[in-house]
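Structure first, then comments.
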Amino acid sequence: MSTKSRLSKKIGAIAESATLKVDAKAKALQAEGRPVISYAAGEPDFATPAHIVDAARAALDDPKNFRYTAAAGLPALKQAIADKTQRDSGWAIDPSQVVVTNGGKQAVYQAFQVLLDPGDEVIVPSPYWTTYPESIQLADGVAVEVFAGADQGYKVTVDQLEAARTERTKVLLFVSPSNPTGAVYSPEETRAIGEWAEKHGLWVVADEIYQNLVYDGVRAVSIVEVVPALQDRTILVNGVAKTYAMTGWRLGWMVGPTDIIKGAANLQSHLCSNVNNIAQIAAAAALTGSQEPVEQMRLAFDRRRKLIVDELNQVPGFHCPTPEGAFYAYVDVTGALGREIRGVTPTTSLELADLILSEAEVAAVPGEAFGPSGYLRFSYALGDEPLVEGIRRVRALLSE
């Protein structure tokens, strides 16, 4: 019998999403009746705002929404995305420069598919969202990681990027605010990185899905706003999942130069055709309707952010910089490694995460999912009471 894998080499090489894996494990334990508190998933605990749901409900009464529509998206939604891009990213685009996708993940996947040829390198600042390297690999590209730790506020420098650049470098991935760290690059830092990319003729894929979830008066400035010369060499990816509590609606988009977007639309026409029309109509309502529910959610996240950082910094061996965006706290846990806890001596953040889950019934995602070991990601997109209870369980465990 043949010993060849039944899977293609490309698919066999893909790692399961680490964040979803940890969340699934936590939910399985909860289903068994264990009081597990999970900080694993990057998913708001709020309901989708009512006016968005109402728009979707009304759309169900129109039979035209049950038919195929253009692969690149409904005209009304593409216009709303164009307006948002000008408003929040400082880039005046035509709706023809938009492709609506099944969530932000598909936008990321398609961005690398349309840009990369085999062997092309993408500079990926680390810590990074777990899906980026896999999407690059699926496009036959090579992810080149550039790490910035807590001492740098999890933000890479131009000098680090230049040291990683080679003749094969084609794309810079730029993410601000960051998942998993919540770090936000300042306008000056963003401009310096953008000017470096423009100087070397690089493409930029900028993931801006958290751009409206920022705190302390910070603004997540788009790289194409501070360096307009990059607009012909940049793809922006975004979506409604995080800002509008619409993770399950699966609605994202990509914005870029016309020829690139046409290529992405051609790919999507074969990959999945159009995105669900009801979700598209809901997303248009999200972008064009009242933003008051969004502000209320942002204020709740801000309160939780302050709370979780204060609690985490009271855990022995933990150091948590204050994030300025998104809804994650990224903790340097190196000070908690290498000592015995209940008969176990964790030496990596993966081992520590397993110990915390089994002994404190708290789920966090280890740094190995996002780059180097030595870190844990805690999402604070959960209620105030479980947020505090979970961290106090961890503190009690690590105080033994």
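The values are calculated or read from the model by the stated rules, or taken from the named source; none is laboratory data. None of the values given here were measured: they were computed from a predicted structure. Positions of Cβ are backbone-derived with ideal geometry, glycine not excepted, and every protein chain shown enters the neighbour counts.
Here are a few things to note about the model shown:
- Qualifying residue in segment 286-307 (condition: farther than 22 Å from SER178 by Cβ and either touching a strand residue (DSSP E or B) at 6+ places or on another chain (Cβ under 8 Å) or aliphatic (A, V, I, L, M) (or both)): yes
- Residue in segment 350-361 that is touching a strand residue (DSSP E or B) at 6+ places or on another chain (Cβ under 6 Å), more than 30 Å from THR243 (Cα to Cα) and surrounded by fewer than 24 Cβ atoms within 10 Å (Cβ to Cβ) present: yes
- Considering GLU145, GLU189, the condition of being in contact (Cβ under 8 Å) with a residue 24 or more places away in the chain, in a helix (DSSP H, G or I), over 30 Å from HIS270 (Cβ atoms) and out of contact with any Cys (no Cβ under 7 Å at 6 or more places or on another chain) is satisfied by GLU189 alone.
- Here VAL22 does not qualify as of a type outside the set (Ser, Thr, Tyr), under 30 Å from GLN152 (Cβ atoms) and assigned to a strand (DSSP E or B).
- Pair list, Cβ under 8 Å, 6 or more apart: segment 301-329 residue in contact (Cβ under 8 Å) with a residue 60 or more places away in the chain and assigned by TED's automatic domain parsing to the domain that holds GLY149, other residue of a type in the set (Val, Ile, Thr) and surrounded by 21 or more Cβ atoms within 10 Å (Cβ to Cβ): none
- From ALA40, ALA56, ALA71, residue being touching a Ser or Thr at 6+ places or on another chain (Cβ under 7 Å), outside the structural domain of GLU385 (by TED's automatic domain parsing) and among the small types (Gly, Ala, Ser): ALA71
- Among the residues making up segment 133-144, none is surrounded by fewer than 16 Cβ atoms within 10 Å (Cβ to Cβ) and either touching a strand residue (DSSP E or B) at 6+ places or on another chain (Cβ under 8 Å) or in the same structural domain as GLY367 (by TED's automatic domain parsing) (or both).
- Meets criteria (closer than 23 Å to LYS262 by Cα, touching a residue at least 12 places away in the same chain (Cβ under 8 Å) and touching a Pro at 6+ places or on another chain (Cβ under 6 Å)) for ALA76: no
- The helices (runs of 4 or more DSSP H) falling completely within segment 237-339 that include 2 or more residues that are over 26 Å from VAL204 (Cα atoms) map to 277-288, 292-312.
- For segment 1-46, taking the residues that are of a type in the set (Val, Ile, Thr) and without any contact (Cβ under 8 Å) to a residue 12 or more places away in the chain, the one that is surrounded by the most Cβ atoms within 10 Å (Cβ to Cβ) is identified as ILE11.
- The C-beta contact set for segment 249-261 (first residue in the same structural domain as TYR210 (by TED's automatic domain parsing), second residue of a type in the set (D, E, K, R) and buried (at least 24 other Cβ atoms within 10 Å of the Cβ), distance under 9 angstrom, 6+ apart or interchain) comprises TRP253/LYS78.
- Once segment 47-75 is narrowed to residues that are in a helix (DSSP H, G or I) and among the aliphatic types (A, V, I, L, M), the residue that is surrounded by the fewest Cβ atoms within 10 Å (Cβ to Cβ) is ALA50.
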